[in-house]
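In what follows, a single structure is set out as C-alpha cells and then discussed.
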Amino acid sequence: MRIWGWSGSGGEMLGGSRWVGFLLAWEVFTCLILPHPRGAEGKPKERRRELHLGGIFPINGTGGWQGGQACQPAAKMALDDVNNNKDLLPNYKLTLHWNDSECEPGLGAAVMYDLLYNDPIKLMLLAGCSTVCTTVAEAAKKWNLVVLCYGASSPALSDRNRFKTLFRTHPSATVHNPTRIKLMKKFGWSRVAILQQAEEVFISTVEDLEERCKQEKIEIVTRQSFLTDPTEAVRNLKRQDARIVVGLFYVVAARRVLCEIYKQRLFGKSYVWFFIGWYEDNWYENGLEAEGINCTKEEMRMAAEGHLTTEAVMWYQDTKRTTSGMTTDDFRNRLHAELKKKGFDIDNGRYPEGYQEAPLAYDAVWAVALAFNRTITQLAKKGKRLEDFTYTNREIAEEIYNAMDETAFLGVSGRTAFSEQGDRIALTQVEQMIDGKYNLQGYYDIENFNLTWYGKEQWVAGKVPQDRTIEKTVLRTVSLSLYISMSTVAGVGIVWGLVLILFTYTYRDRKIIELSHPVTNTLMLVGHILCFLTVFLVGLDGQFVSERLFGVMCSIRKWILSIGFTLGYGAMFSKVWRVHRLTTKNKSATKHKIQPWKLYLLVASLVAVEVIYLSIWTLVDPLRRVEELFPPEVPIDTDEDVRIRPILEHCESHYNNIWLGITYSFKGLLLVLGLFLSYETRSLKVRHINDSRLVAMSIYNVAVLCLITTPVTMIISSQQDASFAFVALAIIFSSLITMGLVFVPKVIAVWQEGAERSDRSSAPEGGTTKEDEERYGKLLGENETLQQILGQKEERLKLLRNKLEEKNVARRRVEVVSEGERPPPVTVPPTTTPRNNNLEQIEVCGSVYQEPSESGIGQGLSVTTRTPTTTDFELSESYL
Ligand code: ABU
C-alpha cells in the first residue's frame, strides 16, 4: 500500500516511509551545505519544525461517501494557508500524510495502522466517512491520538464514552431530524415512512428520528431497510401506502432507490421524499451505467422532481472575512480552481463528491492548527514541546484534547466550535428539487426552533401531497327508485288488504264468506298488511334515519314482520290444520259443525309464542345497528387522492346467529308442516271451511317463497339493493298471491250474486251453497225412499224364488208317482237376461255408482246398492 503525503510549504508529493530517510538526508544537506533561506528582512530563516498529521480520505470507492474528492484538495488548501500564516504555529510546519480509505472501514483501519506504524509520529488523525471514522476513532484512543472527522455525520459518534478523543467539524445527522419534524408539522403530515440503508450512521439517525416523531405524535407507518438492493424495501413502502418517506442512504444507494421509485411510480403529486442534502447537485444522473442502474437520466429526473433535502449549512452564509482571511466566495473561487486543476468540470456544474463538505475539511485543518498553537503555549509553560509527543504520552495528548475542546473560530463553514460530545452546532437548510435543480426553501435554527421559510415550494397539481390516502366512508343505501317502486306496490297491497277487510265485514252474512271463517280471513289480511308495512321499514336506511333511530327501527321492523307473518301464515295454517284434523277423526265427529274458536285458538297460540320470543330477544339481546365495512375502492370519477370505504348498515344482536337459528327453525318447521298438511288435504273439500283448498295453495306459495328467500337474502345481504328487492318482492308476491287466491273468488262470487239478483248463487270452486244444502237434503230423502223400494223388491224376489222352487219340487214328485205314463220332461228355460239387466243404476249425490248384482245366475235379480256416506267430504279431482 502506498502512503502519500505532501509537505505543507511546497505541496510536492512524496511516497512511502522509505522516503523519510531521504527527506531527512535532504534536510541535513540543505541545512549544512546550501545557504540558509532568508526572510523578508534578509535574515536567515529559522528552520521550521514539522508537526505531522495523518489523513484518511475516501476517494475512489464505489459506495458510501467518497467526499475526499473535494475534501482532500480543501484540506491541502488549508494546510497551505496555515503554513503560510506567520501568526499561526510560528516555527512549525504542518505536514499531512494521507491515503484513500474508499469509505471502507477495513481499508480505513489499514490506512490508520500504516500511518501509525510508520514514522514520523502523527499528532492527530483527520478522517472522513462515518464508517471509517467510527473504526478509526474507536482505535485511536489506544495511541492517545485525537481524531478530527471532517466528513462523518453518524449520530453514533456523539457517544463520548465510546469515542473518547473524537471531534468533528461535520454536524451530526441528528440535526436534520428537528428540521424534518418541523416540515412535517408545517405541511400537516402525521404519517411517515422511513427507508434506510443498513449502516450505523443511518440506523442511529433513524433511532433519533423515531424518538422525535413519537414525541410529536407522528406515526411511522413502516421502517424499511436494505443492504445494497432497495427493490423489495421500496415495494413494501408502496404496499404500506407510504406517502411521505424519509430516505437515509449514501448516494450510490440513493440512485438505486430513485430508479426503483420511478419503477414503482412512487413519485408525483401523491408522494414526498426527504433525501439527505449532501449529495452533489446532479447526483441522480451520475454513474448510472457504471453502477448498472436500469433507468434513464430522464426517468431519474422525473422520479427526483419535487423531493426535499435537509442539510446542515456547511458554507458560511455571511460575506464577512473568516479567520483564514477569506470570505466564503474567496474560498469557493480557490476551491474551484483547485478542483479544475484536478480535472473536474466545475464550470458545467460537475462537482466532485464532498464538495458540500469541503469547507468542513478546510476548517478541520484550521482547527488543528489553532489547537496545536494553544497546546504549544500550554506545553511551553511546563517546559515541554509538542513535537515530543509519542503514542504513550498521555500528558501531551490531554493538552491537545483540551486545546481542541476549547477551539472556536469563524471558519469558511461558519462558526466552528465543539460541544461536549465533540459535535458541531449548525443551522440546517431545506432545498427542493424543482425542474431538476435544487432550490433553497428555508433554514431552520435548531437551537432557537426558528424556521425561516421562503414559501417557494412547488407541488405537482399545486396541492400539498397528503400523508395518506384519504378514506371517505360512504354509506351504501337502497336505491331511491327501487325503494319508491317497492313501497308503491306495498302501499297498493295495504290498500287492497284494507278493502278486503271491509269486503269481508260487509258480506260476512253471505254463505260463501260465512263458511270461509271471516274472522280468520281478517286476521290473515291484517297479517299481510303488517308484512306490506315492513317493506317500507326494511328500505328505511341511513339515507332516511339517523344511526340511533336505525337501531330502534331494527326492532320495530322485526316485530312487525314477525307478527305479520304469524298472523297471515298462522291463519292459513289453522285452516289446513283443522281440515286435516277432521279427516283423521271418525265420521260421527265430522258431522258436527267446525268450532271457529279452535281456529282462533291456534292463531292466538302462534302469535303468543311469537310475542314471548320477540320480547325475550328484545330484552336480552336487542337488535342494534352494525356496520359492515367493505374493501376500499378507488373512485373513477375524481382526480383526488381518495379512496371510498363503503359501509352497510345491518341489524344484529350480539348473539345474532343463535336468535336467527331459533327463528328459522321454528318458522321453518311451521312452513314445512304447512306444506305437509296442504299436500295431505289437497283433494278434500270441507263444507264448513269452503276455501281450504285455496288456502292450501296459498301455503304452498308462501312456504316456497319463504324457504327460497331466507337463505338467498342471507347470501346477498351485502348487496343492499338486491337484498331489499328480494325481501320486498317475496313479501309482496306471497301476500298478493295469497290475497288473490283466497279473496278474489269470493269477491267475484259476491259480485255475480249481486249482479244477477238471483236466489241462486254460484259456488266457486264447487263450494257448498244454500241451494247445494237443499239439494243435498232432497237427495238424502230420495235415497232413503229408494232404499225402501229396494228392500221391498228384495223381499218380493225372495218370495218369487221360493215359489218357483216349490213348483219344481211338486212337479218332480208327480213324475215319480206316475212312472209309466210319464209325460215328457218339462225343462225350465235358463235365464237369458242380458248381463246389464243384472245391474241397477242409482244416482247418489249427482254421481253414478254401478255395482254388479250378487246373483249373476238364475232368474232372480239381486241388486246391491251402496249408500253414500253422508259426511262433509267429497272427493274431487286433484288440483295438483
Ligand atoms: N456529509 C457526508 C457524511 C458522510 C458520512 O457521514 O459518512
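At-a-glance table
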quantity	calculated
Gain in span if fully extended, Tyr454 to Gln792, counting 0.36 nm per residue against the direct Cα distance	108.5 nm
Rg in Å to one decimal, and Dmax rounded to a whole Å, for the stretch 449-575 via C-alpha atoms	27.5, 99
Peptide ranges 648-655, 251-258, 782-789 listed from the most packed, as the mean C-beta count within 10 angstrom indicates	251-258, 648-655, 782-789
Of Lys558/Lys746; Lys598/Lys667; Lys214/Lys297; Lys238/Lys463, pairs whose Cα-Cα distance is over 28 Å	Lys558/Lys746; Lys214/Lys297
Charge sum, other residues only, whose C-beta stays under 12 Å from Ala303's C-beta, Lys/Arg counted +1 and Asp/Glu -1	+1
Rg(Cα) / (2.2 N^0.38 Å) computed for the stretch 276-353, rounded to two decimals	1.37
Other-chain or far-sequence residues with amide H under 5 Å of Glu50's (modelled H)	Lys93
Per residue convex hull volume, Cα atoms of the stretch 327-449, in Å³	160
Residue order, fewest to most surrounding Cβ atoms within 10 angstrom, among Thr504, Thr390	Thr390, Thr504
Estimated D of the stretch 507-641 in µm² per second, where Rh is the Kirkwood radius over Cα pairs and Stokes-Einstein applies at 4 °C, 1.567 mPa s	71
Convex hull projection area averaged over all views, the stretch 250-295, Cα basis, nm²	3.3
Sites Asp119 and Glu232, calculated FRET efficiency, Cβ-Cβ separation with R0 51 Å, nearest 0.05	0.55
10 Å binning of all Cα-Cα separations within the stretch 468-507, expressed as whole percents from 0 upward	24, 24, 20, 15, 9, 6, 2, 0
DSSP beta bridges in the stretch 34-177 [antiparallel fraction, %, rounded to 5]	5
Cα-based Rg and Dmax for the stretch 169-322, where Dmax is the largest Cα-Cα distance (Å)	15.5, 52
Proxy reagent accessibility, fewest Cβ within 10 Å first, across Glu219, Glu305	Glu219, Glu305
Listed residue pairs exceeding 29 Å between alpha carbons, taken from Lys93/Lys382; Lys164/Lys340; Lys93/Lys341	Lys164/Lys340
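Every number here is computed from the coordinates shown, using simple stated rules; none is lab data. These numbers come from a predicted model, not from an experiment. Positions of Cβ are backbone-derived with ideal geometry, glycine not excepted, and every protein chain shown enters the neighbour counts.
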